[in-house]
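Note sheet for the following structure.
The values are calculated or read from the model by the stated rules, or taken from the named source; none is laboratory data. This one's a predicted model, so the numbers in the text were calculated from it and none came from an experiment. Using ideal geometry, Cβ is built from the backbone for each residue, glycine included, and neighbour counts are taken over all protein chains shown.
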Amino acid sequence: MIKDAFREVLQVASALKLAQMGTVCLDGTKVLASASARRSFREKELQAEEQRLNLAIAELLQKAESADSTPAPEAGDLPEQLQGKERLRERVREAQALLRAQAQERTRQREADRAAWQQNPIGECPRKRKPEPAPEERINLTDPQSSMMRLATGQYAQAYNGQLAVTAEGPTLIVAAEVCTERCDRLQLQPMVEVIEKSCGESFERIVADRGYDNARQIHAIETRSGVAVVCRPQPTSGKANSRHRKARHRIMTQAIRARMKERADSEEGKRWLRRRSTTVEPTFGILKSALGFRQFRLRGLEKVNIEWKLLAVSFNCLRVCRARRTAKL
């Protein structure tokens, strides 16, 4: 329903000739999850927590047996305490299973990426990863799908990565709003282009993003399949990583793609669009967080926070359409 409302508002803006889809600017921001970082645990910490709860439950059971023979004033609280500990132990066990499942899913996706890279080896080859959770990987008991992310302040907190794509011409309107659990934006360019095409139902000429979206393989796929020009300044690279895994032809192709990215970003038109990005999508985040006061999700789970993020985008677009219409009448 929220997705339908999002598309309908964009259709109204298009009918009023407010939505100009020539150029779209993309960026991401970290939004706090409805969960505390103190409830995030590594696999070893979860195992230790389960052992601690097992001991606590065994102790409560022993007290309950003693209370049957010799009633004590505090014996009435034992069943409630026991149920609370057992519920917490069940959540810890579920978190351990989910942490392992998430690690296996990431491994499966990584192997699929590696297979795709072998078919078209552009950019860096994705590294192998083990199916077991890495020692630094954590899971949150309150919101298991949220991730520990670094905020703009440099601090780490439980959060989601909120992605926005906005129009660069005319009144700034949000044309795509998605939430992901990835800590960086490098893998979000192609998925966001696909979302924009579905939500708007019309083509656009270019997409402008900062260097956090630098991904030669995704940029090549977008420009080849969709015909959309990508303005993204490439990150500095030594060019040595994974060079032994590349065939000379594909290494040359990667270098050509990155050279074209740099040339496009350094051109006068590219610089103009990159400046435009800093005056459209970045202020949009400022409006959402400062003016509307949205700094933390109220809901939990990726599906629900996506709904909340889209609802915020609908509200923003409605305000922009109303303001544009009011200004036109003056």
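Key figures for this structure:
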quantity	calculated
Filter result for the condition that a residue is surrounded by fewer than 19 Cβ atoms within 10 Å (Cβ to Cβ), small (Gly, Ala, Ser), out of contact with any Leu (no Cβ under 7 Å at 6 or more places or on another chain) and in contact (Cβ under 8 Å) with a residue 12 or more places away in the chain, over 40, 36	36
Residue list for region 198-211, filter: surrounded by fewer than 16 Cβ atoms within 10 Å (Cβ to Cβ) and within 21 Å of residue 18 (Cα to Cα)	198, 201, 202, 203, 205
Subset of region 18-33 that is outside any strand (DSSP E or B) and touching a Gly at 6+ places or on another chain (Cβ under 8 Å) - its residue that is surrounded by the most Cβ atoms within 10 Å (Cβ to Cβ)	19
Residues located in region 174-218, provided they are in a loop (DSSP other than H, G, I, E, B), at pLDDT 90 or above and hydroxyl-bearing (Ser, Thr, Tyr)	181
Region 109-146: number of residues that are assigned to a helix (DSSP H, G or I), of a type outside the set (Gly, Ala, Ser) and closer than 16 Å to residue 182 by Cβ	3
Any hit, region 199-211, residues being touching a strand residue (DSSP E or B) at 6+ places or on another chain (Cβ under 7 Å) and aromatic (Phe, Trp, Tyr)	yes
Selection status of residue 64, modelled with pLDDT under 95 and out of contact with any helix residue (DSSP H, G or I) (no Cβ under 8 Å at 6 or more places or on another chain)	no
Top-ranked residue in region 135-184 [being surrounded by 19 or more Cβ atoms within 10 Å (Cβ to Cβ) and among the acidic types (Asp, Glu); ranked as nearest to residue 308 (Cα to Cα)]	178
Those residues of region 257-303 which are closer than 30 Å to residue 144 by Cβ, without any contact (Cβ under 8 Å) to a residue 40 or more places away in the chain and buried (at least 18 other Cβ atoms within 10 Å of the Cβ), in sequence order	288
So residue 11, is it exposed (fewer than 14 other Cβ atoms within 10 Å of the Cβ) and assigned by TED's automatic domain parsing to the domain that holds residue 187	yes
Among (1) surrounded by 20 or more Cβ atoms within 10 Å (Cβ to Cβ); (2) under 30 Å from residue 277 (Cα atoms); (3) under 19 Å from the mean Cα position of the chain (by Cα), the one test that residue 123 misses	(3)
Some residue of region 139-148 being more than 30 Å from residue 234 (Cβ to Cβ) and β-branched (Val, Ile, Thr)	yes
Residue check, residue 314 modelled with pLDDT under 95 and either assigned by TED's automatic domain parsing to the domain that holds residue 27 or part of a loop (DSSP other than H, G, I, E, B) (or both)	no
Residues that are farther than 25 Å from residue 228 by Cβ and of a type in the set (Lys, Arg), drawn from region 1-43	30, 38, 39, 42
